[in-house]
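Have a look at the structure below before the remarks.
The values are calculated or read from the model by the stated rules, or taken from the named source; none is laboratory data. All figures in this text were calculated on a predicted structure; none of them were measured in a lab. A quick note on method: Cβ atoms are made from the backbone with ideal geometry, for glycine too, and the neighbour counts reach across all protein chains shown. SASA here: full protein model, heavy atoms, side chains in, ligands and nucleic acids out. Shrake-Rupley method; radii C 1.70, N 1.55, O 1.52, S 1.80 Å.
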Amino acid sequence: MTLSLAKCQAMLPLDMAKASAIVQDSYHYLLETADKIEKEYLRQRVLEVLHNPAPSFLSALDEREKACIRKMLMNKKLIEEGVSTALLFPPCENPQIAPQPFWCAPGSSYFRHHAYPGGLAVHTALNLSISLSFCDGYKKIYHCLPDRDLVVAGQILHDFQKPWVLQWCSDGSCTPQPVLAGTAMHHIFGLAEAMFRGFEPEIVIAQACAHLPPGTSPSVKQIALWLAIACHIAGKEPAAYGVGKKGMLRLLPPVEWFIVYQGDQNWVVSMQAATEVIAAMQRYAREVYGMEESELNTWKFNALRNYVFSQVTVLKLYEIISGKGYGEFQRYVQILD
């Protein structure tokens, strides 16, 4: 029995994510965990993020202001020369409504980790689980009592602008994501959106720390830069908001900020897995479906890849291919319904 290529090609990314038990279980885990946040105002705001991760800050920016932001970033050499305003600010018909649900978005750019329909939900759920395990370990071993609300909010928020930044294209890939100030663009836009929605500075800083640990001077300077750019985009003044040089970054960083960073480290193995499993999937497409090399960057292949990865995850396929080899990988994919 061979997985039906026609079935895969008949499904949109939204259909694939909706049909995936792993994706939907991950998303419901996020909802259930967010619903346990003790502070009511924070619980409601985090749940709103999961239900509608819209880039609402765009409602305060017209095309001229977007162009001015791009020019400022160019002048400071924080983006590459070829990054246009349109690439920096992907399309969004209504800034109050996300272009796609949280549970449909990929977890990263198309040849990186969790790049399949629902990958964002799976990636965030794993990160949240790891982060809460750190909280439990710190309590059990060190008798510390990390603020779980802060950890949960920071981790759920850390990638929540990917549904806007990484939109699905007609060929089954997702939109490219420029680097902004040394990190993927979604990260700084996520900080800006969190500020725009009124999240407290300590939450936004925890979110910022997902990409760098806050304990060294170079890291603190980089995090401060990200926060300053986000403030500019969101129309906030850094010192008044609480993230300027005399604000919270002058304090000794709390353990929760480090936990959010530690919780986001699954991308290391996930990147290795993506490299190997994408190559195996391309080999499978050539051998089983007779695809030409030129077809491996088209909907014909990407639909197959997206469906398989969304239903079983790249990490599971990596476990199979690294432990039992390509033959077992092929057999596993063939019996997918």
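Data for the structure
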read-out: The chain - mean residue ellipticity at 222 nm from DSSP helices (-39,500 (n - 2.57) per run, n ≥ 4, rounded to 500); value: -17500 deg cm²/dmol
read-out: Percentage relative contact order, the range 215-337, counting C-alpha pairs under 8 Å, at least six apart; value: 18 percent
read-out: Loop-located trypsin sites (Lys or Arg not before Pro) in the range 172-276 whose Cβ has at most 14 other Cβ within 10 Å (DSSP); value: Lys245, Lys246
read-out: Lysines whose Cα lies under 29 Å from that of Lys77, excluding same-chain neighbours fewer than 8 positions away; value: Lys66, Lys162, Lys221, Lys236, Lys245, Lys246
read-out: Descending semi-axes in whole angstrom, ellipsoid equivalent of the range 89-172, from the Cα gyration tensor; value: 31, 14, 8
read-out: Qualifying trypsin sites (Lys or Arg not before Pro) for the range 32-136 [loop in DSSP, other Cβ within 10 Å: at most 12]; value: Lys36, Lys76, Lys77
read-out: Kirkwood-based shape ratio for the range 202-272, expressed as Rg/Rh from alpha carbons; value: 1.01
read-out: Label point at Lys36 placed 7 Å out along Cα→Cβ; residues across the range 113-142 whose backbone nitrogen lies under 16 Å; value: 125-140
read-out: Accessible carbon and sulfur surface of the range 113-237 relative to its total accessible area, %, 1.4 Å; value: 59 percent
read-out: Gain on full stretching of the segment that runs from Gln9 to Ser217 - 0.36 nm per residue minus C-alpha separation; value: 69.9 nm
read-out: Rel. contact order, % - alpha carbon contacts under 8 angstrom, at least six apart, the range 77-128; value: 23 percent
read-out: DSSP-assigned coil residues among GluC sites (Glu not before Pro) in the range 241-337, each with at most 15 further Cβ atoms within 10 Å; value: Glu292
read-out: Cβ-derived FRET efficiency at R0 30 Å, Thr275 paired with Lys140, nearest 0.05; value: 0.25
read-out: Calculated P(r) of the range 10-82 - Cα pairs past 14 Å, %; value: 75 percent
read-out: Relative packing of 142-150, 10-18, which averages over residues the other C-beta atoms within 10 Å, highest first; value: 10-18, 142-150
read-out: Whole-percent carbon and sulfur share, accessible surface of the range 263-337, 1.4 Å; value: 48 percent
read-out: Largest-first ellipsoid semi-axes for the chain, taking √(5λ) over the Cα gyration tensor eigenvalues, angstrom; value: 34, 24, 18
read-out: Longest to shortest principal axis, alpha-carbon extents of the range 48-143, angstrom; value: 53, 30, 29
read-out: Probe 1.4 Å, accessible area per residue of the range 273-316, Å²; value: 37 Å²
